[in-house]
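Step one of this worksheet: look at the structure below.
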Amino acid sequence: MTVTTWAVAVAVAVAVAIFAVGAIGVLTRRNPLIMFMAAEMMWNAAALAFIAYARHYHAVSGQAMAFLIIATAAAEVGIGLAIIVSVYHRRHRLNIDEVSRLRG
Amino acid sequence: MFGFYLVGLVAVAAAVGVVAVRQPVHSAILLIINILALAVLYLMLSAEFLAVAQVIVYAGAIMVLFLFVITLLTAGKEEQEAPEILSGQRWWAGGLSVAIGIVLILVLGQAGTRPEAAPAPGLGTLQDLGQALWGNGFLYLLAVGMMLLTASLGVLVLNRAVRANRTAEEVRASAPSEEEARKAVKGGGTP
C-alpha cells in the first residue's frame, strides 16, 4: 500500500506513546505480572520504531533488528516468569517489594 | 492514512488499559489486543514476515505463558495492591515517564519529513529478512541463539533449585521416622 511520510511519523509517534505508557506501568504498578506485561509493551514499541524506520529508509536491517527484539523478549519472558513463580512459591505474595531482598 | 490513525489509536488505548486495569487477566487480554494492533501496523509498514512472527510468538506463545502463570498464581484471589513503602513513588514515576515521552517526541521531531518512495518489491518478505539475518547480521543471530539457550538453561536451573530444596527438606523430615522404623524392625526380629 502507499505510505506517506506522515504515516511513518504516526507509527513512530504510536511507538513513543506505547513506550511511555509501558514505562509508567513498570514504575507505578506493584504486581510483578503487570509490570512484566508493561515491559513487554516497551519491547514492542522499540520493535515498532525499528520497523517504521526500516520502511522509511528502505533498509531491511531494521526489520532484522525487530526480529532479534522479538526473540530477546521471548527469552526475557521465560526467565522472568520463572523468577516470579519461584519467588511466589517462597513468599506467597504477588508484590514486587518481595524481590527487593533477593540474594543469590 | 486513516488506517494508521485507527490502528494506532487502538494500540495506544489498549496499552493504557494494560497499565490502568486492576486484574492481571484483563491486563493480559488488553495486551493481546495491543499486540494484534501492532501486527496490523507491521503489515501496513510492509513487514509481512514480522507481522506473522509477532502473532505467532507473542499472541501464540508468550501470552499463553502469561495466562498460565496468571491462572496459577492469582486463581480465586482478590487482587489488591499492597501499600507503598516509598512515599511519593507514583508521582516520581509519572513525572519521569512524561519526561521520557517528551524527550522521545523531541527526538522524533528531528527525524525529517522527506517524501516517502515506494519500497523495493521484496522488502519484508521471508527471503529478504533471511538474507539479512544470515548475511550481515549473522553475528547477532548467533548471539540471540546463545541467549535463548542460556535462558532455557536458566529456567531449568531455577525450577530445579526449588524442587531440590523441597525434596531435601522432605528427606530430612522423614529420615528419623525411617531410622525408628528400622530399629523397630530390628527390635522386633531379635527377641
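Yes or no: the range B:91-103 includes at least one residue that is open to solvent by 60 Å² or more (accessible area, probe 1.4 Å) and at pLDDT below 75. Scanning the range B:91-103 turns up no residue that is open to solvent by 60 Å² or more (accessible area, probe 1.4 Å) and at pLDDT below 75. Checking each residue in the range A:1-40 for being within 7 Å of chain B (Cβ to nearest Cβ), touching a Phe, Trp or Tyr at 6+ places or on another chain (Cβ under 9 Å) and touching a residue at least 60 places away in the same chain (Cβ under 8 Å) picks out only A:L33.
Quick one: which residue in A:M35, A:M65 is among the aliphatic types (A, V, I, L, M) and more than 26 Å from B:L123 (Cα to Cα)?
A:M35
Could you say whether any residue in the range B:108-122 is part of a helix (DSSP H, G or I), modelled with pLDDT of 80 or more, over 30 Å from A:I84 (Cβ atoms) and more than 22 Å from the chain's Cα centre (by Cα)?
For the range B:108-122, residues part of a helix (DSSP H, G or I), modelled with pLDDT of 80 or more, over 30 Å from A:I84 (Cβ atoms) and more than 22 Å from the chain's Cα centre (by Cα): absent.
In this entry, B:L65 passes the filter for residues that are facing chain A (nearest Cβ under 7 Å) and open to solvent by 70 Å² or more (accessible area, probe 1.4 Å). Pairs linking a residue in the range B:55-73 that is of a type in the set (G, A, S) to a residue that is in a helix (DSSP H, G or I) and open to solvent by less than 10 Å² (accessible area, probe 1.4 Å), with Cβ atoms under 7 Å and 6 or more positions apart or on different chains, are B:A59/B:I35. A:F67 passes every criterion in (1) over 26 Å from A:V8 (Cα atoms); (2) within 7 Å of chain B (Cβ to nearest Cβ); (3) under 15 Å from the mean Cα position of the chain (by Cα) apart from (1).
Among (1) touching a helix residue (DSSP H, G or I) at 6+ places or on another chain (Cβ under 8 Å); (2) closer than 19 Å to B:Y5 by Cβ; (3) assigned to a helix (DSSP H, G or I), there is one condition A:W6 misses while meeting the rest; what is its number? Of (1) touching a helix residue (DSSP H, G or I) at 6+ places or on another chain (Cβ under 8 Å); (2) closer than 19 Å to B:Y5 by Cβ; (3) assigned to a helix (DSSP H, G or I), only one is false for A:W6: (1).
Restricted to the range A:73-93, and to residues there that are open to solvent by 30 Å² or more (accessible area, probe 1.4 Å) and of a type in the set (V, I, T), the residue that is nearest to B:M146 (Cα to Cα) is A:I79. Report yes if A:A59 is without any contact (Cβ under 8 Å) to a residue 60 or more places away in the chain and surrounded by fewer than 20 Cβ atoms within 10 Å (Cβ to Cβ), otherwise no. Yes: the conditions hold for A:A59.
Does A:A45 satisfy the criteria of being out of contact with any Phe, Trp or Tyr (no Cβ under 7 Å at 6 or more places or on another chain), more than 7 Å from chain B (Cβ to nearest Cβ), surrounded by 23 or more Cβ atoms within 10 Å (Cβ to Cβ) and under 25 Å from B:R90 (Cα atoms)? So A:A45 does not fit the description; no. Tell me yes or no: at least one residue of the range B:12-24 is polar (S, T, N, Q) and either at the interface with chain A (Cβ under 8 Å from one of its Cβ atoms) or open to solvent by less than 40 Å² (accessible area, probe 1.4 Å) (or both). No, the range B:12-24 contains no residue that is polar (S, T, N, Q) and either at the interface with chain A (Cβ under 8 Å from one of its Cβ atoms) or open to solvent by less than 40 Å² (accessible area, probe 1.4 Å) (or both). Here are the criteria: (1) open to solvent by 10 Å² or more (accessible area, probe 1.4 Å); (2) closer than 18 Å to B:G17 by Cβ; (3) touching a Ser or Thr at 6+ places or on another chain (Cβ under 9 Å). Tell me which single one A:A17 does not satisfy. Going through (1) open to solvent by 10 Å² or more (accessible area, probe 1.4 Å); (2) closer than 18 Å to B:G17 by Cβ; (3) touching a Ser or Thr at 6+ places or on another chain (Cβ under 9 Å) one by one, A:A17 breaks only (3). Kindly indicate whether A:A73 is assigned to a helix (DSSP H, G or I) and in contact (Cβ under 8 Å) with a residue 40 or more places away in the chain. Taking the combined requirement at face value, the residue does not satisfy it.
The values are calculated or read from the model by the stated rules, or taken from the named source; none is laboratory data. What you are looking at is a predicted structure, and each value in this text was computed from that prediction instead of being measured. Every residue, glycine as well, gets a Cβ built from its backbone with ideal geometry; the counts of neighbours run over all protein chains shown. For the accessible areas, the whole protein counts, side chains as well, though only heavy atoms, and no ligand, DNA or RNA atoms are used. Shrake-Rupley method; radii C 1.70, N 1.55, O 1.52, S 1.80 Å.
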